[in-house]
């Protein structure tokens with residue numbers, strides 16, 4: 001099979017949550033545990049840091065990896081979803097897994113995968129852990145895919161657990177209150193493994209304290225206890241919150257030599273070291289064009305505040321979502337003094353652009369609907385003057401089509 005054929009098979013046979021939604025979520029760990037045993041437990045052959053949270057876990061994971069690379073370590077990085085290429089999910093020192101190894105893994109284990117009907121995510125986690133073990137990484141940064149307690153990555157026993165923040169997303173799986181969602185995220189807390197919370201919140205602090213005490217895990221609320229601050233190449237004011245959590249991890253991580261210079265340099269070289277895309281990414285100037293993968297109310301509240309801080313004559317927003325988002329919570333965050341270009345990402349879960357336009361209009365947001373993300377962006381570019389500002393976002397899959 002070719003790489004393209006393998007990916008087509010993976011997507012068709014083993015749906016992933018980001019594309020298909022609820023039908024791809026198994027809600028249990030038995031399959032990944034059995035798969036890991038079949039693979040000879042690769043997760044036990046490397047050290048790791050586990051990262052969960054509603055927003056910021058991707059940026060935080062890449063910052064952690066970049067700093068550890070600057071300290072001279074061989075660093076695995078597992079994140080999801082990808083933007084352009086599946087191989088973005090599985091990297092070592094910023095270099096994606098090869099197409100050949102992706103093909104070989106699927107071909108070598110195809111009988112098991114077919115017989116046991118693993119989900120896309122379970123299969124991908126197994127591939128990542130097997131790759132990191134075979135390549136003898138010093139440490140791997142493992143980003144949770146969905147939730148924490150029942151996420152397929154939650155078979156590792158990390159050196160440190162990091163939980164960035166708690167917000168309303170995936171409430172159909174994780175619960176309809178911040179406390180319930182926090183319990184699911186806190187499922188990554190392990191016995192005697194330090195846990196760092198990037199952003200302390202009144203509604204969730206007691207949840208984390210109780211669970212960490214029960215697990216005999218030390219807990220650090222980074223925004224309250226970490227006083228240091230450094231510059232990072234990742235743009236966006238919101239990165240300051242992620243930064244606190246990252247620094248908190250390095251304050252409790254044992255067995256790895258990471259000094260201040262490694263931290264400073266690593267934070268300034270995140271994109272170069274890890275290949276991170278889509279976080280307040282500047283695509284053009286005159287007019288300034290920025291995209292961001294924020295896709296829920298908590299994330300968009302921060303990015304919309306950032307948009308309003310920009311200097312511009314007119315504001316243009318290219319906006320698209322997947323189905324199931326709480327638009328009633330999102331629309332009030334969006335500025336009314338903008339020209340909107342509504343679109344739908346080209347996946348099954350993409351929310352119809354005309355539907356989005358209609359619902360947005362009820363909240364005072366005016367604009368036109370377009371048949372694709374690129375047509376929406378081209379219309380915005382045609383309308384915008386050099387002194388204007390264009391923002392593209394609402395979904396990872398919207399951003400994926402233009403970076």
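Rule-based calculations on the coordinates, nothing more; no lab input. Fair warning: this is a prediction, and the values are worked out from it, not measured in the lab. Because the Cβ atoms are built from the backbone with ideal geometry, glycine has one as well, and the counts that use them run over all protein chains shown.
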- Task: Looking only at region 209-227, count how many residues are touching a helix residue (DSSP H, G or I) at 6+ places or on another chain (Cβ under 6 Å) and closer than 16 Å to residue 249 by Cβ.
- Result: 5
- Note on the structure: Considering residues that are touching a strand residue (DSSP E or B) at 6+ places or on another chain (Cβ under 9 Å), farther than 21 Å from residue 4 by Cβ and without any contact (Cβ under 8 Å) to a residue 60 or more places away in the chain, the number found within region 88-122 is 1
- Message: Suppose we filter region 194-223 for residues that are without any contact (Cβ under 8 Å) to a residue 40 or more places away in the chain and in contact with a strand residue (DSSP E or B) (Cβ under 9 Å, 6 or more places away or on another chain); how many remain?
- Response: 15
- Of the residues in region 86-104, those that are on the phi < 0 side of the Ramachandran plot and buried (at least 17 other Cβ atoms within 10 Å of the Cβ) come to 86, 87, 88, 89, 90, 91, 92, 96, 97, 101, 102, 103
- Query: So which residues in region 44-85 are crowded, with 22+ Cβ neighbours inside 10 Å and in a strand (DSSP E or B), if there are any at all?
  - Reply: 48, 49, 50, 51, 52, 75, 76, 77, 78
- Item | Selected residue (criterion: nearest to residue 303 (Cα to Cα)) from residues of region 355-367 that are exposed (fewer than 14 other Cβ atoms within 10 Å of the Cβ) and touching a strand residue (DSSP E or B) at 6+ places or on another chain (Cβ under 9 Å) | 366
